[in-house]
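To keep things clear, I will list the structure first and then write my remarks on it.
The values are calculated or read from the model by the stated rules, or taken from the named source; none is laboratory data. Bear in mind the structure is a predicted one, so any value in this text is a computation, not a measurement. Ideal geometry is used to build each Cβ from the backbone, glycine not excepted, and the neighbour counts take in all protein chains shown. To get the accessible areas, we keep the full protein, side chains included, count just its heavy atoms, and leave off ligands, DNA and RNA. Shrake-Rupley method; radii C 1.70, N 1.55, O 1.52, S 1.80 Å.
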Amino acid sequence: MVSALKPMKDATTLMSQEKNPSVCLIAPVHTKLLQNTEPNTEDSPLVRDIKKAIHDDLSSRYTSEAEKSLLYTASALDPRFKALPFLSEEEREQTYGKVIAEAASLEQEVRVEEETPEDNARAAAAVTSDTEEDQEKELPSPPPAKRSCTLLENLLGPAFTNQAPEPKSAYTRAKDEMAKYRLALTPSLQEDPLLWWSVHQVLYP
């Protein structure tokens, strides 16, 4: 009985001692408890009954899509569990896809909030001022003098001229950050995930 109940005791003690937000622990711990309470041919009838009671109870928890989405996202954003080994490949990709979409959406919301009415008023005033200055001009300015091209520019210019890269969309930036995050070195289980993020937030804004 002690052996059968030990995983439950360890999980309870872990969650009780945790000082930081522990929602990221629920999915991996829940999965591990389900694995530890699977029936074993070496178990006595009493131990099998205990395991079955625990397994049946745990199997009925965190079953809704909303709950699973929240728990999987929390685990994905904890660098210790970002590999999500307790999920299938399809579930992993779906989880990271949701995180990428939400990150892109949040960035767009921040940009909209940063465009204050004062900024819009200043922009409108600048356009009005430029228009008035253009109307005051009587003579058009002379065209800029053309710079003579060198032979090298004539031969190789079209192929080697630097062109400014097109700006990436919020979704593309989030997707690139997620790819780097998933490939980054996984910290030890003893590391504080909040401290890890405080150090690495500049890499994954």
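Scan region 37-48 and give yes if some residue there is closer than 30 Å to Ser188 by Cα, modelled with pLDDT under 95 and out of contact with any strand residue (DSSP E or B) (no Cβ under 8 Å at 6 or more places or on another chain), otherwise no. Yes, region 37-48 has at least one match.
Taking the conditions (1) open to solvent by less than 100 Å² (accessible area, probe 1.4 Å); (2) at pLDDT 60 or above; (3) not in a loop (DSSP other than H, G, I, E, B) in turn, Asp134 satisfies each one other than (2). The residues on offer are Gly157, Gly97, and the sole one that is part of a helix (DSSP H, G or I) and modelled with pLDDT of 75 or more is Gly97. Filtering region 178-205 to residues that are loosely packed, with under 10 Cβ neighbours inside 10 Å, in a loop (DSSP other than H, G, I, E, B) and either more than 15 Å from the chain's Cα centre (by Cα) or aliphatic (A, V, I, L, M) (or both) leaves Leu185, Ser188, Leu189, Gln190, Val202. The single condition among (1) farther than 24 Å from Leu70 by Cβ; (2) modelled with pLDDT of 90 or more; (3) not acidic (Asp, Glu) that Pro28 does not satisfy is (1).
Going by what's in this entry, would Ala66 be described as open to solvent by less than 70 Å² (accessible area, probe 1.4 Å), within 27 Å of the chain's Cα centre (by Cα) and among the aliphatic types (A, V, I, L, M)? Spell out how you get there, then give the answer.
Values: open to solvent by less than 70 Å² (accessible area, probe 1.4 Å): no; within 27 Å of the chain's Cα centre (by Cα): yes; among the aliphatic types (A, V, I, L, M): yes.
No.
Reported count of residues in region 1-36, each being in contact (Cβ under 8 Å) with a residue 24 or more places away in the chain, in a helix (DSSP H, G or I), over 17 Å from Phe86 (Cβ atoms) and of a type outside the set (Gly, Ala, Ser), is 2. Does His55 satisfy the condition of being assigned to a helix (DSSP H, G or I), open to solvent by less than 90 Å² (accessible area, probe 1.4 Å) and closer than 18 Å to Leu70 by Cα? Answer is no for this residue.
The set of residues in region 17-39 that are buried (at least 16 other Cβ atoms within 10 Å of the Cβ) and within 21 Å of the chain's Cα centre (by Cα) comprises Cys24, Leu25, Ile26, Ala27, Pro28. Scanning region 37-83 for residues that are more than 28 Å from Leu195 (Cα to Cα) and touching a residue at least 40 places away in the same chain (Cβ under 8 Å) yields a count of 5.
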